[in-house]
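Participant: A single structure is presented below for examination.
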Amino acid sequence: MKIDVLTLFPEMFDPILSSSIIGRAVNNGIIQIDVYNIRDFARNKHKQVDDYPYGGGHGMILAPQPLLPAIGHVLSKSNADRSTVIYMSPQGKVLNQDMARCLAQEPHIVVLCGHYEGVDQRVIDKFVDIEISIGDYVLTGGEIPTMVLVDCVARLVPGVLGNPESIKDESFSRGLLEYPQYTRPQEYEGYTVPEVLLSGNHREIERWRLKESLRNTLKKRPDLLKEAELLPHEIELLREIQQEMDVL
Ligand code: 4F9
């Protein structure tokens, strides 16, 4: 997978590219991430990238020049058979694990980081395939959302994570939150580990984990349960949990 990032602050990406799991995948050649400075495509004397909004109002707008040539450049350089251009914006569809799974299948992703009051609409109309938000709040720019997207998508690319099994079990992979985890020691300042996890009975452990996963989801994110396609034995476990809650 190839990811091209277009930003006014390329240095913000140095930390994730030089360390972390994503950095390792880049160094191993499993993914390729190139960060381009939008300002390098400015053709005016002062390398200005923004201008005042037509119609008035506060703030500045990222202009078609340099954005159009910048996007055009990364698209024409790519030899992938298709490219997906993404604009990180609070107006986008809110990122979720399903979207990340889809994007992880793409050969070439271009991510545009907006700044100031936004981007000239003609750039979005001409090039942008998807607008993506990372949540209902406003940031100073699209760089942190882009890092969130890149991290979330890149870790799903085969070979990026050491153990592919770890993707299967985690929160959201099935639309449920994870079960609680414990490690040694068995007792810490009076706090103990649930007995079943020490039993060595793998069927019982599986059942306990599924039940706690359902319990966590019901308690913390009941909205997720409406979307999850539960199997009959899972609905039965939910009923048990509800009864336990009624007793308390
Ligand atoms: C982008 C916020 C995506 C949330 C970009 C200011 C943004 C954002 N998700 N806020 N520029």
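Read-outs throughout are calculated quantities, based only on the coordinates presented, and are distinct from any laboratory measurement. Bear in mind that the values here come from a model prediction, so they are computed numbers and not experimental data. Every residue, glycine as well, gets a Cβ built from its backbone with ideal geometry; the counts of neighbours run over all protein chains shown.
Participant: What fraction of the DSSP beta bridges in the stretch 1-101 is antiparallel, stated in percent and rounded to the nearest 5? If you can, show how the numbers build up before the last one.
Facilitator: Working: 2 of 8 bridges.
Antiparallel bridges make up about 25 percent of those DSSP assigns within the stretch 1-101.
Participant: What distance in nm lies between label points placed 7 Å from Cα along the C-beta direction at Asn201 and Glu229?
Facilitator: Label-label distance for Asn201 and Glu229, simple model: 3.2 nm.
Participant: Rounded to the nearest 5, what % of the DSSP beta bridges within the chain are antiparallel ones? Don't skip to the end; give the middle numbers.
Facilitator: Details: 4 of 26 bridges.
Bridges in the chain are about 15 percent antiparallel.
Participant: Next question, about the same structure. Just want to confirm a number: the relative contact order over the stretch 113-225, from Cα pairs under 8 angstrom separated by 6+ residues, in percent. Mind dumping the intermediate values first?
Facilitator: Numbers: 60 pairs, mean separation 23.6, N = 113.
RCO, the stretch 113-225: 21 percent.
Participant: Something else about it: Report, in debye and to the nearest 20, how large the dipole of the stretch 90-165 comes out about its Cα centre when Lys and Arg carry +1 and Asp and Glu carry -1 on their Cβ. Don't jump to the answer; show the numbers that get you there.
Facilitator: Working: 5 positive and 11 negative charges, 25 e Å.
Its charge dipole is roughly 120 debye.
Participant: To continue, here is another question. Taking the Cα centroid of the stretch 184-248 and of the stretch 94-113, what is the distance between the two, rounded to the nearest whole Å?
Facilitator: 32 Å
Participant: Work out the charge dipole of the chain with +1 on the Cβ of Lys and Arg and -1 on the Cβ of Asp and Glu about the Cα centre, then indicate which of Trp208, Gly114, Ile21 is farthest towards its positive end.
Facilitator: Value computed over the given set: Gly114.
Participant: Based on the mean of other beta carbon atoms within 10 Å per residue, what is the order of 91-104, 5-18, most packed first? Please report the intermediate quantities before stating the final value.
Facilitator: Numbers: 91-104: 15.2, 5-18: 17.6.
Per-residue Cβ counts within 10 Å, averaged per peptide and sorted highest first, yield 5-18, 91-104.
Participant: How large is the dipole of the stretch 169-247 about the Cα centre if only Lys and Arg carry +1 and Asp and Glu carry -1, each at its Cβ, rounded to the nearest 20 debye?
Facilitator: Values: 12 positive and 17 negative charges, 20 e Å.
Here the stretch 169-247 has a charge dipole of around 100 debye.
Participant: Additional query: Quick one: angle between helix 232-247 and the longest Cα principal axis of the chain, in degrees between 0 and 90, rounded to 10, please.
Facilitator: Helix 232-247 sits roughly 70 degrees off the main axis of the chain.
Participant: Past 28 Å, Cα to Cα, is the threshold; run Lys126/Lys226; Lys45/Lys126; Lys126/Lys168; Lys45/Lys93 against it and keep the listed order.
Facilitator: Working: Lys126/Lys226 37 Å; Lys45/Lys126 26 Å; Lys126/Lys168 37 Å; Lys45/Lys93 37 Å.
Violating the 28 Å limit, Cα to Cα: Lys126/Lys226; Lys126/Lys168; Lys45/Lys93.
Participant: What FRET efficiency, computed as 1/(1 + (r/R0)^6) with R0 = 51 Å and r the Cβ-Cβ distance, is obtained for Cys102 and Val247, rounded to the nearest 0.05? Display every interim value, and only then the final one.
Facilitator: On the way: r = 43 Å, r/R0 = 0.84.
According to the calculation, E is roughly 0.75.
Participant: Within 10 Å, count the other beta carbons around each residue, average over each peptide in 117-126, 140-149, 74-83, and list them highest first.
Facilitator: Working: 117-126: 16.1, 140-149: 20.2, 74-83: 12.7.
Those peptides, ordered most packed to least, come out 140-149, 117-126, 74-83.
Participant: Here's another thing I want to ask about it. Where nothing but the Cβ of Lys and Arg (+1) and of Asp and Glu (-1) is charged, how large is the charge dipole of the stretch 37-144 around its Cα centre, in debye to the nearest 20?
Facilitator: Numbers: 10 positive and 13 negative charges, 80 e Å.
Value, rounded to 20: 380 debye.
Participant: List the relative contact order of the stretch 2-164 as a percent without decimals, with contacts defined as Cα pairs under 8 Å and 6+ residues apart. If you can, show how the numbers build up before the last one.
Facilitator: Numbers: 274 pairs, mean separation 46.1, N = 163.
Across the stretch 2-164, relative contact order equals 28 percent.
Participant: Pop a pseudo-label 7 angstrom from the Cα along the beta-carbon direction at both Ser171 and Asp40 and give the gap in nm to one decimal.
Facilitator: The two pseudo-label positions are separated by 3.7 nm.
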